[in-house]
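To keep things clear, I will list the structure first and then write my remarks on it.
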Amino acid sequence: MFRLGLTPAHACDYLPDRQSRSLVVVDEALLSSRAYDFFLAQGFRRSGSHVYRPWCDRCRQCVAARIPVEAFRPSRGQRRVRRLNADLEADWVVTDRLNDEQWALYRAYLQARHGEGEMARASRAASDAFLFSPWASTRLLELRLGGKLVAVAVTDEQPRSLSALYTFFHPDHARRSLGTLAILLQVEAARAEGRTWLYLGYWIPNCRKMSYKAGFLPVEVRRPEREIREERWERLSSAKEREGFLQRL
């Protein structure tokens, strides 16, 4: 039995005019990949070794999202992304920390995306602590162009699922849509390995940088309720169903 705690309210990282709180797993020493699979199915997520889910007083914008990999079919635009990146080589690497090459790419990405923000100032040890966990089974999807590392997708593996934790790429290749490509390759890996879902984290419709997750169809979403036991995963198979869900959110 895991105990849960509630954090104090703080400024939301995604919707600047709102306050955020999180429900967190207290007993981190009991966590494992199998236990995390259960928590993912309840709408939780990890940051380092901390497993949490948004639990805000008057906001329901953080919607857990996952792709049912057997049913997923890429859109025309997503197939175009695959063709655009046909010159890239993809490989999986199992590790528990960033090597020098990966760290240099991570730093370049954070400087371009987050400037002088807290993440961009994080030390190498702090960054490893954010991306990895002693209890998680984590591997990296590396994308290379002519041997040069251009993107890394940090991916957790659980018995029934993969979870897309964080993707970073070289700023010079932003037009390649490498984040989208990484998700497509993670879906393919999950399907080939006989897993059921690829977890995407939170779809936040009113946050531009997090709204892209609803572009993968079908997608399963979990509308936040006041009681976790009242929540259900709902499959959205079309843009029309997605818009209908937004109207009910």
Check your understanding: If you check ARG60 against the conditions, is it within 24 Å of GLN19 (Cβ to Cβ), in contact with a Leu (Cβ under 7 Å, 6 or more places away or on another chain) and loosely packed, with under 14 Cβ neighbours inside 10 Å?
Key -> yes
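For (1) polar (S, T, N, Q); (2) within 19 Å of the chain's Cα centre (by Cα); (3) within 30 Å of LEU23 (Cα to Cα), each residue gets a yes or a no:
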site	(1), (2), (3)
GLN42	yes, yes, yes
ARG45	no, yes, yes
SER75	yes, no, no
ALA86	no, no, no
GLN102	yes, yes, no
LEU105	no, yes, no
**Study point:** Only one of ARG191, ARG235, ARG242 that is surrounded by fewer than 21 Cβ atoms within 10 Å (Cβ to Cβ) and under 30 Å from ASP17 (Cβ atoms)
**Key:** ARG242
Check your understanding: Can you pull out the strands (runs of 3 or more DSSP E) entirely within the range 177-249 that have at least 1 residues that are in contact (Cβ under 8 Å) with a residue 24 or more places away in the chain and aromatic (Phe, Trp, Tyr)?
Key -> 197-203, 233-236
Practice item. State yes or no: is ARG46 closer than 22 Å to GLY215 by Cα, at pLDDT 95 or above and part of a strand (DSSP E or B)? Key: no
Check your understanding: If you go through the range 111-125, how many residues are surrounded by 13 or more Cβ atoms within 10 Å (Cβ to Cβ) and over 16 Å from LEU165 (Cα atoms)?
Key -> 7
Revision key, fill the gap. Residues of the range 99-130 being within 15 Å of LEU143 (Cα to Cα) and touching a Lys or Arg at 6+ places or on another chain (Cβ under 7 Å), in sequence order, are TRP103
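Report whether or not SER177 is of a type in the set (S, T, N, Q) and either at pLDDT below 95 or out of contact with any strand residue (DSSP E or B) (no Cβ under 9 Å at 6 or more places or on another chain) (or both). Talk me through it step by step, then tell me what you get.
Working: of a type in the set (S, T, N, Q): yes; either at pLDDT below 95 or out of contact with any strand residue (DSSP E or B) (no Cβ under 9 Å at 6 or more places or on another chain) (or both): yes.
Here the answer is yes, as SER177 does meet what is asked.
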Exercise for review: May I ask you to list the residues in the range 111-148 that are closer than 26 Å to ARG175 by Cα, among the aliphatic types (A, V, I, L, M), at pLDDT 95 or above and part of a helix (DSSP H, G or I)?
Suggested key: LEU131
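Against the definition (over 14 Å from the mean Cα position of the chain (by Cα) and among the small types (Gly, Ala, Ser)), how does SER211 come out, yes or no?
Details: over 14 Å from the mean Cα position of the chain (by Cα): no; among the small types (Gly, Ala, Ser): yes.
So SER211 fails the test.
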Exercise for review: Report yes if ARG191 is out of contact with any strand residue (DSSP E or B) (no Cβ under 7 Å at 6 or more places or on another chain), within 22 Å of ARG60 (Cα to Cα) and not aromatic (Phe, Trp, Tyr), otherwise no.
Suggested key: no
Revision key, fill the gap. Checked against (1) surrounded by 14 or more Cβ atoms within 10 Å (Cβ to Cβ); (2) out of contact with any Cys (no Cβ under 6 Å at 6 or more places or on another chain), ARG76 satisfies every condition except (1)
Exercise for review: State whether one or more residues within the range 79-96 are free of Cβ contacts under 8 Å to residues at least 40 places away in the same chain and either surrounded by 19 or more Cβ atoms within 10 Å (Cβ to Cβ) or not basic (Lys, Arg) (or both).
Suggested key: yes
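The values are calculated or read from the model by the stated rules, or taken from the named source; none is laboratory data. All figures in this text were calculated on a predicted structure; none of them were measured in a lab. Every residue, glycine as well, gets a Cβ built from its backbone with ideal geometry; the counts of neighbours run over all protein chains shown.
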